[in-house]
6 protein chains.
Amino acid sequence: MTLTHVDAQGTARMVDISAKAATRREAVTEGFIAIAAPTLAAIAANSLAKGDVIATARIAGIMAAKRTADLIPLCHPLPIDAVTVDLAIEAEGIRVTANVVTTHGTGVEMEALTATSVALLTIYDMAKASDRAMVISGIRLLRKSGGRSGEWRAPD
Amino acid sequence: MTLTHVDAQGTARMVDISAKAATRREAVTEGFIAIAAPTLAAIAANSLAKGDVIATARIAGIMAAKRTADLIPLCHPLPIDAVTVDLAIEAEGIRVTANVVTTHGTGVEMEALTATSVALLTIYDMAKASDRAMVISGIRLLRKSGGRSGEWRAPD
Amino acid sequence: MTLTHVDAQGTARMVDISAKAATRREAVTEGFIAIAAPTLAAIAANSLAKGDVIATARIAGIMAAKRTADLIPLCHPLPIDAVTVDLAIEAEGIRVTANVVTTHGTGVEMEALTATSVALLTIYDMAKASDRAMVISGIRLLRKSGGRSGEWRAPD
Amino acid sequence: MTLTHVDAQGTARMVDISAKAATRREAVTEGFIAIAAPTLAAIAANSLAKGDVIATARIAGIMAAKRTADLIPLCHPLPIDAVTVDLAIEAEGIRVTANVVTTHGTGVEMEALTATSVALLTIYDMAKASDRAMVISGIRLLRKSGGRSGEWRAPD
Amino acid sequence: MTLTHVDAQGTARMVDISAKAATRREAVTEGFIAIAAPTLAAIAANSLAKGDVIATARIAGIMAAKRTADLIPLCHPLPIDAVTVDLAIEAEGIRVTANVVTTHGTGVEMEALTATSVALLTIYDMAKASDRAMVISGIRLLRKSGGRSGEWRAPD
Amino acid sequence: MTLTHVDAQGTARMVDISAKAATRREAVTEGFIAIAAPTLAAIAANSLAKGDVIATARIAGIMAAKRTADLIPLCHPLPIDAVTVDLAIEAEGIRVTANVVTTHGTGVEMEALTATSVALLTIYDMAKASDRAMVISGIRLLRKSGGRSGEWRAPD
């Protein structure tokens, strides 16, 4: 009988941030959902049965940022100072960008990624009656600042 | 002054499913997170500081399926009969597949997509101390069955 | 008026609905928030710093309907078949109307009242930087149907 | 009245409070529910089937204060230092007063208004079997203190 | 490199209940918290600073039953038909009993155990300023009925 | 007619911590679940149908620590700096130990007790198909530090 999970090594834990300084930290993330042309046109024309995709996805993304610690097991719950979620209709789909700010001992990359993901999922939900083949891709951190590791930018 | 949002057309709404039959419905979705080789090896060796990535992401995905209606504004809350979330370590990252079943008047595509997305975000969270450039992609519906529209499979 | 006289303690309990038939039930509720003229004009012009009041309040109301059993201690959790929340800008404020449908053993009055209340609170939140003296009033059930007690309409 | 004129879109955003000082802030709110005499007497006698209305509504209100950022899309999540919810049986109904305190960069008006609203909704829920025509009104901010705008009191 | 977690065997999953009949199921559970005499007397006299322990713990327990699927990873979300939580002050502490009913394809043992546990934790929270050495024990299933396995009663 | 609940004395309230210093506070708690030998062996061998008990219970405990203020009515919502949940398979069951850290004006005893309780409940859930007679006991505070009352250790 091997009980590797009981060992101190390898077990899930919420790492201790109590020694870290509460400083201003910001994260910017993006993601994309590819949408067939007729459905994308319907979104742009706000003519889908479920209603206004852009406004609804934005609100869903902002609210999801606040639920991050409920969803991601080892994320620290933290106060959020600001959230913006932007949606841009492009030629082949919709690009979502999220920006989150905190003043805390850890960063908000997960909050921004969660906002981006849930905004994209909300688009899928509202448009899926006309296009089930939509694909979500390119969810990534674009930039972060603050904390001991300081500024980071995505390559290229 | 134009108040298009107040019009009946284009406003967000949770569409009425009370006339739909409660039948067995299933959805299968997938997604992928690209991870640099050293970080991927550390995940496989279960040597990251935050602990066991695979087990934690699976639990996070299963729990997220149950939070779908809390996150996606126009999703119907519904009983869930089964959820499985599988993770496969591939050459350049980790593939997540989710399978959700309900017996209800609407499908569970969003529950499976949410499970997939949150499992992927959990991987990002646990590995981000060693690799911030991970990218999540290919989140999509693979297959659904049940309901009036019946069976659907992703192209190719 | 029936006041089933329970045991002497009068302790809180979630009453048993297991013997009640799952039938289609609907509830319609309304409420109003009085807003000073300049602020109301800013809402109508969509020029408040927090953004689009009408779309945001509608989404908040719909999502709140789904959180009712989390908020109201003795409410039964139930599947919701449909939710619509309408907002009408009137001369002295905004009127919110909510309509909720379920197929279950108990009604959705609380879900519709909660949707109405949270939509009104969201309006307050978004406009409070310009008007702290807004007052919410007239939250009430307009109509319900379904269940053993059948149709009910508010007097006058 | 300040209406920072933002970009043309008027999109929803959680405004940035990272530059604001964390100071002690307090908000006091009230609301009222009109209840028919026989039902009000039953509440006072604690003889309703659902149990003790006053104690249950108080707890519901306190707990709701903590859920405010989950419900109101653009509210900042924040630590809460204190919550009290008082209920007073008056001649024609019940008056609810809530008092919330934080030490943060933004105020707690919404937390107090949410506590008040949910306490009132809980009363409705517990008493609705005997009186469906109850009306909730007069939900408003009575007083706030702290922050850059300092003390504010409701007119009259 | 061994990836036992990826194997079908041993991985966490929400088991499929879609083939099970929706029947009336009930579970009764209990638990106990040992409390020092002076603190127990203060609870009985309702003189603790945090207020009415019995009423608050009851509400907390009822509400927790509804949060079970949010807390316990592999629990199925289900409609709840009834919840009662009873508290009895005994010689050396407080006994909590919970009773939960559903009409669904799986039982409500976890809902009743969660209600019991959270009611006991609430007592601890409210009384801990006067007694930190309280111990919670004897949380167990007393009785269940319904479903394929039918009636079950705790031994002795 | 006595309305003691309306009196200022004895009513539930979230006590004011705004005057307390934000210092590092830590709490350690434990609890135990007695499990029949065959079921305990199956858990150790990771051969239960619901999957990996130890890893799942650990994640559930960590996530529950973050939900404490949602569950326990008068608990203050607070940032959490660290959570660890350890599980040890003993001769007659599984012992759960939780450690929680915050930097705030109040302690985290309830967060650690909630983590412990939910980890134990998760074990019950995953193993109940083979043993319904499991009993949870010995949930208690082992040690706390920080705050005005400083260090405290459980007797013996």
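Since every read-out is calculated from the coordinates, none of them should be taken as a lab result. Small disclaimer: the values here were computed from a predicted structure and weren't measured. For neighbour counting, all protein chains shown are included, and Cβ atoms are generated from backbone atoms with ideal geometry for every residue, glycine included.
List the longest stretch of chain D that has no exposed loop site; here a site is one of the GluC sites (Glu not before Pro) assigned by DSSP to anything other than H, G, I, E or B, with at most 14 other Cβ within 10 Å. Kindly include the intermediate steps, with their values, before the conclusion.
Numbers: sites that count: D:Glu92, D:Glu151.
Answer - D:1-91.
In order along segment E:90-102, the phi-based Karplus estimate (6.51 cos²θ - 1.76 cosθ + 1.60, θ = phi - 60°) of 3J(HN,Hα) comes to 10, 4, 10, x, 10, 9, 10, 10, 10, 9, 10, 10, 9 Hz; Gly and Pro are listed as x. Listed by chain and number, the lysines whose C-alpha is less than 20 Å from the C-alpha of A:Lys144, apart from same-chain residues fewer than 8 away, are A:Lys20, A:Lys66, B:Lys128.
Under the convention that each Lys and Arg Cβ holds +1 and each Asp and Glu Cβ holds -1, the size of the dipole of segment F:72-134 around its Cα centre is about 160 debye.
Calculated translational diffusion coefficient of segment C:47-91 (4 °C, 1.567 mPa s; Stokes-Einstein with Kirkwood radius over alpha-carbon pairs) equals 104 µm²/s. Charge tally around E:Arg67: other residues with Cβ under 10 Å, Lys/Arg +1 each, Asp/Glu -1 each, net -2.
Taking the Cβ of C:Gly138 as the center, what net charge do the other residues with Cβ under 9 Å away carry, scoring Lys and Arg +1 and Asp and Glu -1? Working shown, then result.
Details: positive: C:Arg95, C:Arg140; negative: C:Glu30.
Taking every other residue near C:Gly138 into account, the sum is +1.
Taking chain D as a Gaussian network of alpha-carbon nodes connected by springs under 10 Å, the highest mean-square fluctuation of the residues D:Thr23, D:Thr106, D:Thr122 belongs to D:Thr23.
Peptide B:140-150 has a mean shielding of 2, counted as Cβ atoms of other protein chains within 10 Å of each residue's Cβ. Remark: the Cα gyration tensor places the protein assembly as shown in the rounded category, a/c being less than 1.5. In order along segment E:147-156, phi translates into HN-Hα couplings of x, 5, 7, x, 6, 9, 10, 5, x, 6 Hz, rounded to whole numbers, per the Karplus curve 6.51 cos²θ - 1.76 cosθ + 1.60 with θ = phi - 60° and x for Gly and Pro. Taking amide H positions as modeled 1.01 Å from N, with prolines and chain starts lacking one, the residues under 5 Å from C:Gly93 and 5 or more places away or on another chain are C:Ile35. For peptide B:109-118, what's the mean number of Cβ atoms from other chains within 10 Å of each residue's Cβ? If you average over the peptide's residues, the count of other-chain Cβ atoms is 5.
Taking every C-alpha pair closer than 8 Å and separated by at least 6 residues, the mean separation divided by the residue count of chain E gives a relative contact order of 37 percent. Between F:Leu87, F:Leu121, F:Leu74, find the one with the highest GNM mean-square fluctuation for chain F; connect C-alpha pairs within less than 10 Å. It is F:Leu74.
Placing R0 at 51 angstrom, the Cβ-Cβ distance between A:Ala37 and E:Ser18 gives a FRET efficiency of 0.85 after rounding to 0.05.
Here the 3J(HN,Hα) profile of segment A:75-87, calculated from phi with Karplus coefficients 6.51, -1.76 and 1.60 at θ = phi - 60°, is 6, 7, x, 8, x, 10, 8, 7, 9, 10, 10, 10, 10 Hz, Gly and Pro shown as x.
Each principal axis of the Cα atoms in segment A:1-93 has its own extent, and those three values, largest first, are 57, 42, 22 angstrom.
Peptide B:44-54 has a mean of 6 when you count, residue by residue, the C-beta atoms of other protein chains within 10 Å of its C-beta.
Cross-link reach is defined here as a Cα-Cα straight distance under 19 Å, omitting same-chain residues fewer than 8 places apart; for F:Lys50 the aspartates and glutamates meeting it are B:Asp52, B:Asp81, B:Asp86, E:Asp7, E:Asp16, E:Asp70, E:Glu109, E:Glu111, F:Asp125, F:Asp131.
Using the alpha carbon gyration tensor of segment A:23-147, what are the three equivalent-ellipsoid semi-axes (square root of 5 times each eigenvalue), largest first, in whole Å?
28, 13, 11
A DSSP coil position with no more than 13 other Cβ atoms inside 10 Å describes the following trypsin sites (Lys or Arg not before Pro) in segment B:114-154: B:Arg148.
Within the listed set D:Gly107, D:Gly138, D:Gly31, the Gaussian network model of chain D (springs between alpha-carbon atoms below 10 Å) gives the highest mean-square fluctuation for D:Gly138. Ranking C:Leu113, C:Gly93, C:Thr56 by Cα position along the charge dipole of segment C:22-156, where only Lys, Arg, Asp and Glu carry charges on their C-beta atoms, puts C:Leu113 farthest toward the positive end.
So how far apart, in nm, are the two label points at D:Asp156 and D:Leu142 if each is 7 Å from Cα heading toward Cβ? Placing both labels 7 Å beyond Cα along the Cβ direction yields 1.6 nm.
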